[in-house]
Amino acid sequence: MGRVVVDVEIINPRNRRSISVRLLVDTGSTLTWVRRRRLEEIGIEVRRRIKIRSIDGRMVERDVGFAEIRYEGQEAPIIVVFAEENDAEVLGLTAIESLGYEVNPISGRLEYVGHYAFLATGNTAIWKENITIKDSIGIM
């Protein structure tokens, strides 16, 4: 599978201003990273500064804020990292899943799969080392 790149819209939930950005899909990144200047252009506010472990094991500190993301008609709230000029702009895993997508490893494309939940009802029984949930329902 090669590089997967998508065009998304980042929206400020407070003033509804938005920008279109092309992001590299990175399932190894928890969060979505967009250049600081782009986020400031639409008025996204810094909420706090967090420590993030980079792919090479270094700890870096970056500002984060709240935004919405839109892709192919789906919209979701996300935490967005204020990327520095040398940082890659990426679509992270939480945004991918919040939008209801997953990466198809064969086609190398994002595919809409919806949202998953597991609802359990009834009793939970423990038999030796196995846990069994009776009367459970999986929904999609």
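The values are calculated or read from the model by the stated rules, or taken from the named source; none is laboratory data. Being a predicted model, the structure only gives us computed values, none of them experimental. Backbone-built Cβ (ideal geometry, glycine too); neighbour counts: all protein chains shown.
Per-structure values
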read-out: Subset of the range 2-36 (residues that are closer than 22 Å to PRO105 by Cβ and in a loop (DSSP other than H, G, I, E, B)); value: GLY2, ARG3, VAL4, ASP26, THR27, GLY28, SER29, THR30, LEU31
read-out: Odd one out for ASN104, checked against (1) at pLDDT below 95; (2) surrounded by 11 or more Cβ atoms within 10 Å (Cβ to Cβ); (3) out of contact with any Leu (no Cβ under 9 Å at 6 or more places or on another chain); (4) not acidic (Asp, Glu); value: (3)
read-out: Residue check for GLU61: of a type in the set (Asp, Glu), more than 17 Å from SER98 (Cα to Cα) and in contact with a strand residue (DSSP E or B) (Cβ under 7 Å, 6 or more places away or on another chain); value: yes
read-out: Single residue of VAL8, VAL25, VAL34, VAL21 found to be of a type in the set (Val, Ile, Thr), surrounded by fewer than 19 Cβ atoms within 10 Å (Cβ to Cβ) and out of contact with any Pro (no Cβ under 8 Å at 6 or more places or on another chain); value: VAL21
read-out: Per-region count, the range 75-101, residues more than 23 Å from ARG37 (Cβ to Cβ) and part of a loop (DSSP other than H, G, I, E, B); value: 2
read-out: Looking only at the range 37-74, and only at residues there that are part of a loop (DSSP other than H, G, I, E, B) and among the acidic types (Asp, Glu), the one that is surrounded by the fewest Cβ atoms within 10 Å (Cβ to Cβ); value: ASP56
read-out: Pairs, first of a type in the set (S, T, N, Q) in the range 39-67, second modelled with pLDDT of 95 or more and part of a strand (DSSP E or B), C-beta under 6 Å, six or more apart; value: SER54/VAL60
